[in-house]
Amino acid sequence: MPFGVPKVSFQSHEEEDATWIDLYNRLYRERILFLCREIKEELSNNLVSLMVFLDIDNTTWTQTMFIHSPGGFVFPGLAVYDTVLAVGARTVCAGIAASMASVVLIGGEQSKRLAFPHARVMVHQPRMKDFEDSTSEILMETRVLLDLRERITHLYVQRTGQPHRIIAADLEVDTYMSAKEAVTYGIIDAIAQSVEE
C-alpha cells in the first residue's frame, strides 16, 4: 500500500458485509493526488510514477494535486514540479505550501492553480545541509547551490510574472503569503470557494 495509507471501511449497497477499500487508491482512480509530507526521494518517486501512469491511462482527464507540505529536498521537489508541468495537473494548496512545495504549486496548469481561503504559501531560497566536507567539496556544493538558487528564482519569475529583482529579494527570507496575497503575487490563479459561499 503506497505511502502507508490508512484503509477505510465502506458498506456496499449490494453486500451485507463491509468491504475494505484503500481510500487513496480510490482517489487515484479519480486522478486526485496528495503531496502532504516532506518532499524526499521516496515520496517524489511515488508521485512521479503515479502521475506518469495516470497520464498514460487517460490523457483527457486532468489530475489534481492537493498540497499541504513543509517543502523538502530540492532535486526530488524539482522532479515533482517537472512532472506536474508535463502532465498539466491542477494544483491546490490546502493548508501550507512551503519552500519546495510552493515550487510544485506554481507548476500547476495556468488558470488551474488554486488555494483554499485559509491556506498559506511560503517561499525562500534553496538551502543545503551544514557543511562538514573538505574545502574543495564545499566550493563545489556552493556552486551547485548558487545554480539551484538561480534556477528556482527563474521558475518563480517564469510562472508568476514577477520581476527577477522582486523574486530574488523575497527569496532572501521566509516570505509568507495568504491565499489572497498568493493570487496577487501570481503563485496561484484563484482561491477555491466553498459550496456555501
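Just so you know, all these numbers are worked out from the coordinates, no wet-lab data involved. Given the structure is predicted, the values throughout are model-derived calculations rather than measurements. Positions of Cβ are backbone-derived with ideal geometry, glycine not excepted, and every protein chain shown enters the neighbour counts.
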Checklist entry - What net charge is computed for the residues neighbouring residue 86, neighbours being all others with C-beta under 12 Å from the C-beta of residue 86, Lys and Arg scored +1, Asp and Glu -1? => result -3
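Add +1 for every Lys or Arg and -1 for every Asp or Glu among the other residues with Cβ under 9 Å from the Cβ of residue 107, and state the total.
Neighbourhood net charge equals 0.
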Checklist entry - Between residue 22 and residue 59, what is the spin-label point distance in nm, taking each point 7 Å from the Cα along the Cα→C-beta axis? => result 2.7 nm
Checklist entry - What net charge do the residues around residue 168 carry, taking every other residue with its C-beta under 10 Å from that of residue 168, with Lys and Arg at +1 and Asp and Glu at -1? => result -1
Checklist entry - Between residue 86 and residue 127, what is the spin-label point distance in nm, taking each point 7 Å from the Cα along the Cα→C-beta axis? => result 3.0 nm
Item to check | Residue exposure sequence - 121, 74 - by fewest surrounding Cβ within 10 Å | outcome: 74, 121
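If neighbour count is taken as other Cβ atoms inside 10 Å, put 118, 124 in order from fewest to most.
The most exposed by this proxy come first: 118, 124.
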Item to check | Between the range 143-197 and the range 43-79, the Cα center-to-center distance that results, in Å | outcome: 19 Å
Item to check | Burial ordering of 167, 106, fewest other beta-carbon atoms within 10 Å first | outcome: 167, 106
Next on the checklist: Along the Cα→Cβ direction, 7 angstrom out, place labels at residue 181 and residue 30. What is the inter-label distance in nm?
Outcome noted: 3.2 nm
Checklist entry - Which ³J(HN,Hα) values, rounded to whole Hz and listed in residue order, are derived for the range 103-118 from phi using the Karplus coefficients 6.51, -1.76 and 1.60 in 6.51 cos²θ - 1.76 cosθ + 1.60 with θ = phi - 60°, glycine and proline given as x? => result 5, 4, 4, 6, x, x, 4, 3, 6, 10, 9, 10, 9, 6, x, 9
